[in-house]
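K.L.:
Once you've had a glance at the structure underneath, I'll fire off some questions.
Each value in this text was obtained by applying a stated rule to the coordinates, not by laboratory testing. What you are looking at is a predicted structure, and each value in this text was computed from that prediction instead of being measured. Cβ placement follows ideal geometry from the backbone for every residue including glycine, while neighbour counts extend to all protein chains displayed.
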Amino acid sequence: MTTLLILVSAVLAVNGILLAYLTWAFQSPRFAAHRMRQQTIRLKVSERLQTLNFNFNSLLSVGMVYAAIWFGFDIWFTEQDISWSTFLFQFVAVLGLYDFSYYWVHRWTHQRRKAMKVHGVHHQALYPSARESLWIHPIETIVGIGLLLTSAWLVGPINVYAFACTFLVYTTTNLLIHSGINFPSYPLKFYNTVAQQHYGHHMLNMKRNYAPLTPIWDRLFGTSL
């Protein structure tokens, strides 16, 4: 258990650094030519309310993951040695299940009026930056972490290192697809396609580009922009 707690804490530290970097990059003249949209529209809410929302959602998501580790370690996770092939299978399977399930949940929220009232909080950020990736209704935080943990449970018990890697991809992708920046060099450039698709979901057509990690499901089910 201790190993996974350390790994998850390290992932969260990396994300704190990445969030600070992306926030700086979005505002920096150095990256002005790489912004997906030169003119931005800020959230029409106070800085105090934004900060409260960001902090609450951050604590809620972190609390859910730590609670799963602390109270359900034997249900979700294992520290037994596994082969590289098993590691890759668990890593890909969890992310694939999460991406597939979130695609349908996200699509559903745009088709039901009551659900859209919850999801609509996030869409108040018309041209989001990385900081506004956390501007969501707390119910969405619960659903998102819940889908990730459910995916890990279906595949698992998952190796602690495999889960740490999936959690890293899950959290960093959420920041990067909301960054509003086309990155000029790798490794961040790898995310440009997915980030552009998600920006299209915010700016151009909210009934397209639902998947959070890959364009596979949108292309397969005819919702690609």
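K.L.:
Restricting everything to alpha-carbon atoms, can you work out Rg to Rh for the stretch 166-223 with a Kirkwood hydrodynamic radius? Before the final figure, lay out each step's value.
P.N.:
Details: Rg = 11.3 Å, Rh = 11.7 Å.
A ratio of 0.97.
K.L.:
Another question, if that's okay. Over the Cα atoms of the stretch 70-161, what is the Rg over Rh ratio if Rh follows Kirkwood?
P.N.:
Values: Rg = 16.0 Å, Rh = 14.9 Å.
We get a ratio of 1.07 for the stretch 70-161.
K.L.:
Which helices, counted as full DSSP H runs in the chain, have an axial Cα extent of no less than 30 Å and a Kyte-Doolittle average of -1.0 or above?
P.N.:
Working: long enough: 2-27 (38 Å, 1.76); 47-76 (41 Å, 0.59); 84-109 (37 Å, 0.47).
Those that pass (Cα extent of 30 Å or more, hydropathy at least -1.0) are 2-27, 47-76, 84-109.
K.L.:
Could you give me the radius of gyration and the Dmax of the chain, taking only the C-alpha atoms into account and expressing both in angstrom?
P.N.:
Considering the chain through its Cα atoms, Rg and Dmax are 17.4, 51 Å.
K.L.:
A further question on this structure: For the stretch 122-197, what's the radius of gyration and Dmax over Cα atoms, in angstrom?
P.N.:
Rg and Dmax of the stretch 122-197, Cα atoms, are 14.1, 39 Å.
K.L.:
How compact and how long is the stretch 1-40, expressed as Rg and Dmax of its alpha-carbon atoms in Å?
P.N.:
15.2, 47
K.L.:
At 7 Å along Cα-to-Cβ for each site, give me the label-to-label distance between residue 59 and residue 74 in nm.
P.N.:
3.2 nm
K.L.:
Along the charge dipole of the stretch 1-91, pointing to its positive end and built from +1/-1 on Cβ of Lys, Arg, Asp and Glu, which listed residue (64, 78, 18) has its Cα farthest out?
P.N.:
18
K.L.:
A further question on this structure: Distances longer than 21 Å among the Cα atoms of the stretch 21-94: what percent of all pairs is that?
P.N.:
Values: 1653 of 2701 pairs.
Pairs farther apart than 21 Å: 61 percent.
K.L.:
Also, quick follow-up: Given the stretch 93-225, report the % of alpha carbon pairs whose separation exceeds 18 Å.
P.N.:
Working: 4734 of 8778 pairs.
Everything past 18 Å amounts to 54 percent.
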